[in-house]
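The values are calculated or read from the model by the stated rules, or taken from the named source; none is laboratory data. Every value quoted in this text rests on a predicted model; they were computed, and no experiment measured them. Every residue, glycine as well, gets a Cβ built from its backbone with ideal geometry; the counts of neighbours run over all protein chains shown. Side chains included, ligands, DNA and RNA excluded: accessible areas come from the protein's heavy atoms. Shrake-Rupley method; radii C 1.70, N 1.55, O 1.52, S 1.80 Å.
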Amino acid sequence: MARGFRQKIRQKNTENSGFGSSASGRFINKDGLPNVQKKGVNVFNKLSWYHTMLNLSTFRFLTYLIVAYILINIIFAMIYFLIGVEHLTGIDKSDPLNEFIDVFFFSSQTFTTVGYGRIAPVGFTASLVATFEAFLGLLTFAIATGLFYGRFSRPRAYLRFSDITVIAPFQDKTALMFRLAPYKNNALTDAEVILSTAIEVIEDGVAKNNFYRLDTQLGKINTLALNWTVVHKIDENSPFYGFSEDDFKNINIEIIVHVRAFDEVFSNTVVQRSSYVSREIVYGAKFTTMYYPSKENLTTVLDLDKINEYQKVDLPILEEEQL
């Protein structure tokens with residue numbers, strides 16, 4: 001284990017991370033959500049369905065809505081079919097398949113309260129089911145409309161993080177670097193990054209995590225228009241001081257990233273998180289430039305496909321490594 005790290009762990013752990021020292025596994029997932037499994041409550045109390053639906057990707061959200069719509073109408077079509085198609089007027093009774101198709105489309109018209117009028121319920125039971133389905137349809141579309149509005153109007157940072165962090169040369173020493181960039185046309189100002197790290201140590205045969213705040217060379221910028229390379233200089237004040245390549249590979253490390261910025265359009269503060277673990281640290285590398293002038297030399301092109309591109313470099317030999 002690196003000598004600098006042995007010295008560091010004797011200091012009192014002062015980082016207020018929100019995680020206990022005995023927590024295991026990754027603390028923050030790549031999507032920014034805590035990697036915590038909760039027990040002791042049932043599934044209805046454990047999950048916030050509203051937050052779950054808001055956090056779904058657009059494709060999954062639309063897929064769930066379409067599948068739910070089709071399933072609901074199939075269920076009601078089966079109910080009408082079991083009641084008997086003779087309780088519905090205007091049904092094509094040439095064969096059972098046509099009957100079920102007509103009943104399915106009657107269900108969808110009732111569910112959406114369109115009601116074209118060709119098919120209508122006859123009798124108390126069929127009318128009762130149709131009444132309940134129309135009521136359920138109104139509630140369902142009200143909820144779906146609220147979810148659409150919530151997803152559309154929610155302020156988000158829309159930041160893309162590099163998949164890796166690198167250990168690169170910096171001011172005659174080394175530094176831990178990663179980068180992020182906005183990928184939509186939102187305007188972010190007063191962007192601030194907060195870094196902390198969790199390092200696993202063995203004390204009295206028990207594994208525990210020590211948390212430390214990581215200083216950054218530029219912790220706040222006025223405008224986040226291009227990519228931002230966040231730099232933590234590895235010097236005597238860093239918990240990584242004296243770490244070798246093997247140390248970064250063999251010690252369980254997690255870099256926790258918290259980015260906060262002001263969105264001018266929503267006039268609100270937006271937050272996004274991410275993290276990097278040991279296997280996502282590339283030792284002896286530096287990022288390549290990901291923006292360049294346009295052909296007309298009138299604008300700057302930010303190429304987000306290059307956010308993970310790097311090249312291998314030699315790191316300076318520190319005095320501690322020479323001993």
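The C-alpha atoms of the chain define a longest principal axis, and helix 124-153 lies at about 30 degrees to it. What angle do you read, to the nearest 10 degrees and between 0 and 90, between the alpha-carbon axis of helix 58-83 and the longest principal axis of the chain? The answer is roughly 20 degrees. Relative contact order for the chain: 21 percent, from Cα pairs under 8 Å spaced at least 6 residues apart, divided by residue count.
Modelled label positions at ASP303 and GLN217, each set 7 Å beyond Cα in the direction of Cβ, lie 2.3 nm from each other.
A Förster radius of 25 Å combined with the Cβ-Cβ distance from LYS39 to ARG60 puts the calculated FRET efficiency at roughly 0.45. If you compute log10 I(q)/I(0) by the Debye sum over Cα atoms at q = 0.07, 0.12, 0.16 Å⁻¹ for the structure shown, which of [x] -0.47, -1.04, -1.31; [y] -0.39, -0.89, -1.30; [z] -0.48, -0.91, -1.32 do you land on? Calculated log10 I(q)/I(0) by the Debye sum over Cα atoms at q = 0.07, 0.12, 0.16 Å⁻¹: the matching label is [z].
Listed by chain and number, the aspartates and glutamates whose alpha-carbon sits under 18 Å from that of LYS184, ignoring those within fewer than 8 places in the same chain, are ASP31, ASP263, GLU264, ASP303, ASP305. Summarising the label geometry, the points placed 7 Å from Cα in the beta-carbon direction at GLU264 and VAL114 lie 4.5 nm from one another. When you restrict to C-alpha pairs under 8 Å that are six or more residues apart and normalise by the size of segment 48-153, the relative contact order lands at 28 percent.
For segment 48-153, the convex hull drawn through the C-alpha positions has a volume of 103 cubic angstrom per residue.
How much of the accessible area of the chain, in percent, comes from carbon and sulfur atoms when a 1.4 Å probe is used?
Numbers: 10570 of 19150 Å².
Exposed carbon and sulfur together represent 55 percent of the surface.
Can you grab the distance from the C-alpha centre of segment 27-93 to the C-alpha centre of segment 114-169, Å, no decimals? Cα centres, segment 27-93 to segment 114-169: 9 Å. The trypsin sites (Lys or Arg not before Pro) found in segment 215-323 that occupy coil by DSSP, while having at most 14 further C-beta atoms within 10 Å, are LYS295. Sites listed here are GluC sites (Glu not before Pro) in segment 164-252 whose DSSP assignment is loop and whose Cβ has at most 14 other Cβ atoms within 10 Å: GLU236.
Which GluC sites (Glu not before Pro) from segment 47-154 combine a DSSP loop assignment with at most 12 other Cβ atoms within 10 Å? Listed in order of number, the matching sites amount to none.
Grab the Cα-Cα distance for ASP190 and LYS208, subtract it from 0.36 nm times how many residues apart they are, and report the gain in nm with one decimal. If you can, show how the numbers build up before the last one.
Values: separation 18, 0.36 × 18 = 6.48 nm, distance 3.55 nm.
Between ASP190 and LYS208, full extension yields 2.9 nm more.
Considering only ASN186, ASN42, ASN210, the mean-square fluctuation computed in a Gaussian network model of the chain, springs between alpha carbons under 10 angstrom, is largest for ASN42.
If you count, for each residue, the other Cβ atoms within 10 Å and average over each peptide, how do 44-50, 147-153 line up from highest to lowest?
147-153, 44-50
Seen against the Cα atoms of the chain and their longest principal axis, helix 96-111 is set at about 70 degrees.
With a 1.4 Å probe and every protein chain left in place, work out the accessible area per residue of the chain in Å², rounded to a whole number. List each step's numbers first, then the result.
Values: 19150 Å² over 323 residues.
Solvent-accessible surface per residue comes out at 59 Å².
Taking ALA130, ALA225, ALA181 as the candidate residues, the one with maximal mean-square fluctuation in a Gaussian network model of the chain, Cα springs under 10 Å, is ALA130. Extents of segment 123-264, taken as max minus min of Cα coordinates on every principal axis and listed largest first, are 85, 45, 19 Å.
Work through the residues other than PHE161 whose Cβ is under 12 Å from its Cβ and net out their charges, Lys, Arg +1 and Asp, Glu -1.
My count for the surroundings of PHE161 gives +1.
Within the listed set PRO34, PRO121, PRO96, the residue fluctuating most in the Gaussian network model of the chain (springs between alpha-carbon atoms under 10 angstrom) is PRO96. If R0 equals 56 Å, the separation of the Cβ atoms of TYR50 and ILE317 corresponds to a calculated FRET efficiency of about 0.55. At full extension, ASN252 and SER278 could sit 8.8 nm farther apart than now, given 0.36 nm per residue minus the alpha carbon distance.
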